[in-house]
Every structure is written in C-alpha cells, then in structure tokens.
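Below is a structure I'd like to ask you about.
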Amino acid sequence: MTVTPEFQGTHLWDRLCWAKETLDSVQSDYRVVYEDSIDECAKILVPDPNWMACALQGGILPPVEVYWELAKDEAEEGFTKHTRGYLLHNTKPVDAMTEEQAIEYLIMKDVPQSVWRVWDEGNKPKMVICRKEQLPGTREWRNAWKISEDLATNETVAA
Amino acid sequence: MAFGTLKADTLTHSTAGSLATNFVVNGSAKAYGYSNSGATPDSSFNVASMTDNSTGNYDFNFTSSMSNALYQVSAAATGANKVNGTSTNNTTSDVNIQVRNLPDNTLVDNYASPAVHGVLA
C-alpha cells in the first residue's frame, strides 16, 4: 500500500507530480449532469482519472473550501492575480475519500454554486448524478440534451 | 529516486551554455489534457475534471489553480479540417476549449488537447 508523504506545506502542483508518478489512475463511471441556464443544453461533468486517484489516496488534495475562497477573490472587482494561493498548499490536505465522496467534493469544486446549492429547488432537479451508460449512446443531438422533466426533486435514485 | 529533491539555480552544459532553473520551472506546462468528444479523459495532468458543455465545447478544470487568467494555451485537434481554440471565458480554475470545423467555423466534436503555460497560484 502506498503511503502518502506529509504534504501539508508542499506546493499542490508538486503533490500532483508525485501522484502522477506513483498512483494508478482510477476511471470513474460517475457523471454529473447539470443545467445552469434554461437556454442551454445540459452540461456533463467528468471526473479526471488522475484526480480520482488522488482523492481515493488521501493526503493530497486541499479542502474544497479553499477553492471557494480563491473563487471569492477572483470574483472581486479589480482582481489581477491570486495572493492567497498559499491556501492550496498550506491547508491540511483532506483524508482519503470514497468514490462517492469524491464526486460530492468535485461537484462542490467544479459545478457552479448556483446549481448545486439549490439543485432541488424547482420543478425538476438542476443536477443529477448518474452512470456513464445512462447518458445517451450517441452525441448526434448533444445540443438538445436536457435533464428529464419526469424526474422529481424528492427522488434520490433516477429510474 | 522517488520524490527526491535537487536544488540548483543554474544548469550548465559543457558546451551549450547555462540556463537558470527558474526558466525551466516557469516554462513547464502547468496543465495538459487529451480527451475525446464527450470529454472522456484519456491523458492529463493537473486536471480535476472536464466539463462537456455542448458539441465541441469543453472545459478543463484545474486541480492546482493558475495565478491569473492571462495564461497561454496551446491546443491541437485531431482530424482533417479541425482546429482547437480557446475562448475569452478562461478563469484561474478552468480553461475552455472549443473545437471548430475550419471551412465553416462550426463547433464539432473531436479530440481536444490543450497545454497551459503560465504561473501557478
């Protein structure tokens, strides 16, 4: 079993170099389907296999709240560059996650907060976690993909 | 040596001259990706996830953020008459790649493979 070095204080990019060299990538079958505009088709979030390996290993990735802090900084008027990048490198890394916990982390990192914070407020879900094989088999009508109107927001399992 | 550290400010070749190592560090690609249409990742570094926005329109979301959004992106498409381009919607946490058909400039699904150079946060 590979033991993660003590990475707190090590630049996150250097940790990724270690992970790329040391860990086997993990291909996840989970996909996150979400809609952030009623005028646009659904978007599909796909986990990266190297990132998933880091999440399952533990001790590498920073807490997701660090990304929220950086996003807040970037949203400030007059932002030119990050001055709190040290949060990525100096904050204690998160422990090993299950694949499902990793998907939740990824949603909170890479899906707009305007979607995942209110995913179940509306006539249908704004976001659905599914398996790759549950997506349409071809991309011929990709720009028309939408989350089904038949899904209810109080359902936790899609049919 | 696994995870060893070599500290040096300058690399010197016997005949070709010297190079400050900050050029090596700053000149390295900080992220790269290679994915087929549908944003299924095949090869990558410093990518947490990919977002399949629509036909020919993909985001690569970074794990280690860039310092600012003014980084340089090199991208290539596979196949005849296809070209990768980036949009002005890039942020410090993701780069947008669009694959277009050269004759009519329409977005098309194809391989996308960006490399990102710049300064990390």
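Please treat every number below as a calculation from the coordinates, not as lab data. Everything numeric in this text was worked out from a predicted model, so none of it was measured. Quick reminder, even Gly has a Cβ in these numbers, built from the backbone with ideal geometry, and neighbours come from all protein chains shown.
Running Debye on region B:29-117 with equal point scatterers at the Cα sites and no solvent, what base-10 log of I(q)/I(0) appears at q = 0.10 Å⁻¹?
-0.20
Taking the beta-carbon count within 10 Å as an exposure proxy, list A:W51, A:W141 from fewest neighbours to most.
Placing the least packed residue first, the sequence is A:W141, A:W51.
Based only on Cα atoms, what mean projected area does the convex hull of region A:12-132 have, in nm²?
Its average projected convex-hull area is 8.8 nm².
What relative contact order, as a whole-number percentage, does region B:29-117 give when Cα pairs under 8 Å and 6 or more residues apart are counted?
Relative contact order of region B:29-117: 35 percent.
5 Å is the cut-off here: which amide hydrogens, built 1.01 Å from N in the peptide plane, fall below it relative to B:T55, excluding neighbours closer than 5 in sequence?
Placed amide hydrogens put A:N143 under 5 Å from B:T55.
Could you check the spin-label model distance between A:T91 and A:D24? Points 7 Å from the Cα along Cα→Cβ, value in nm.
The answer from the label model is 3.1 nm.
Would you pull out the residues with amide H under 5 Å of A:A96's amide H, same chain only if 5 or more places away, H placed 1.01 Å from N?
So A:A96 has HN proximity to A:G59.
So which GluC sites (Glu not before Pro) in region A:109-154 are both in a DSSP loop and have at most 11 other Cβ atoms within 10 Å of their Cβ?
Filter output for region A:109-154: A:E121, A:E140, A:E149.
What does the average come to when, for each residue of peptide B:63-71, you count the partner chain Cβ atoms lying within 10 Å of its Cβ?
Mean shielding count: 6.
Please turn the phi angles of region B:98-104 into ³J(HN,Hα) values with the Karplus equation 6.51 cos²θ - 1.76 cosθ + 1.60 (θ = phi - 60°), one per residue in order, whole Hz, x for glycine and proline.
With coefficients 6.51, -1.76 and 1.60, one gets 10, 9, 10, 7, 4, x, 10 Hz.
Name the long-range amide H neighbours of B:A76: under 5 Å, sequence gap of 5 or more, or other chain; modelled H, no Pro or chain starts.
Placed amide hydrogens put B:S113 under 5 Å from B:A76.
Something else: Please report the spacing between the Cα centers of region A:89-110 and region A:28-56 in Å, no decimals.
14 Å
Same structure, new question: For a quick check: sort A:T138, B:T63, A:T83, B:T55 by the number of other beta carbons within 10 angstrom, fewest at the front.
Listed from fewest to most nearby Cβ atoms, that is A:T138, A:T83, B:T55, B:T63.
Mind giving me the nanometre distance, one decimal, between the label points for A:E76 and B:N36, set 7 Å out from Cα along Cα→Cβ?
Distance between the two pseudo-spin positions: 4.5 nm.
In region A:83-115, which residues have a backbone nitrogen under 16 Å from the label point lying 7 Å from A:I38's Cα in the Cα-to-Cβ direction?
Once the point is set 7 Å along Cα→Cβ of A:I38, A:115 turn out to lie under 16 Å by backbone N, inside region A:83-115.
Given a cut-off of under 8 Å on Cα pairs at least six residues apart, what relative contact order in percent is computed for chain A?
Reported relative contact order: 29 percent.
For the protein assembly as shown, what number of Lys pairs, 8 or more residues apart or on separate chains, have alpha-carbon atoms under 18 Å from each other?
So the count of such lysine pairs works out to 14.
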